[in-house]
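Have a look at the structure below before the remarks.
The values are calculated or read from the model by the stated rules, or taken from the named source; none is laboratory data. Here the structure is a predicted model, which means the values were calculated and not measured. Using ideal geometry, Cβ is built from the backbone for each residue, glycine included, and neighbour counts are taken over all protein chains shown.
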Amino acid sequence: MNEKTVTEWWKPVRKVKSLGANNYFRSKHKRTAIRSYTLMGWASTREMGCSIAKCGEDWVEACRYYPPGNKVNTKMYETGTPCSGCNKLEPCDTGLGLCGSEE
């Protein structure tokens, strides 16, 4: 995947604080730039597939997520102590403070 594309998708979260402290995805977020960030950062999403194509002089990159996130009135992720929900299948990555691996 194009690193620049991913960086662009995550930019809105630095500028928009609209998810609030409880990180709920609301209907008002559906058609905003924040939705690309929330799709990638959704806690229950386990798979992501992307494609890239040249369109005239530009490049277009699109991704699909499974299971998809951005469910209205749902938390993007649970807050709490890093790695507190990890298990043997998804061990703690202590460097990131997240469960799972990079595979």
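Things to note:
- Selection status of THR45, β-branched (Val, Ile, Thr) and loosely packed, with under 10 Cβ neighbours inside 10 Å: no
- Residues of segment 63-99 that are in contact (Cβ under 8 Å) with a residue 12 or more places away in the chain and farther than 21 Å from SER36 by Cβ: GLU78, THR79, PRO82, CYS83, GLY85, CYS86, ASN87, GLY97, CYS99.
- Residue within segment 5-18 that is surrounded by 12 or more Cβ atoms within 10 Å (Cβ to Cβ) and within 26 Å of SER84 (Cα to Cα) present: yes
- Selection within segment 3-48 - of a type in the set (S, T, N, Q) and within 16 Å of TYR66 (Cβ to Cβ): THR38, SER44, THR45
Rundown of residues vs (1) among the basic types (Lys, Arg); (2) out of contact with any Ser or Thr (no Cβ under 9 Å at 6 or more places or on another chain); (3) modelled with pLDDT of 90 or more, yes/no style:
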{"residue": "PRO12", "(1), (2), (3)": "no, no, no"}
{"residue": "LYS30", "(1), (2), (3)": "yes, yes, no"}
{"residue": "ALA33", "(1), (2), (3)": "no, yes, no"}
{"residue": "GLU61", "(1), (2), (3)": "no, no, no"}
{"residue": "TYR66", "(1), (2), (3)": "no, no, yes"}
{"residue": "LYS75", "(1), (2), (3)": "yes, yes, yes"}
{"residue": "GLY100", "(1), (2), (3)": "no, yes, no"}
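- First in segment 36-61 and over 12 Å from MET76 (Cα atoms), second anywhere and in a loop (DSSP other than H, G, I, E, B) and modelled with pLDDT under 90, Cβ under 8 Å, 6 or more apart: CYS50/MET1; ILE52/ASN2; TRP59/ASN2; GLU61/MET1; GLU61/ASN2
- Subset of segment 34-56 (residues that are under 25 Å from ASN23 (Cβ atoms) and among the aliphatic types (A, V, I, L, M)): ILE34, LEU39, MET40, ALA43, MET48
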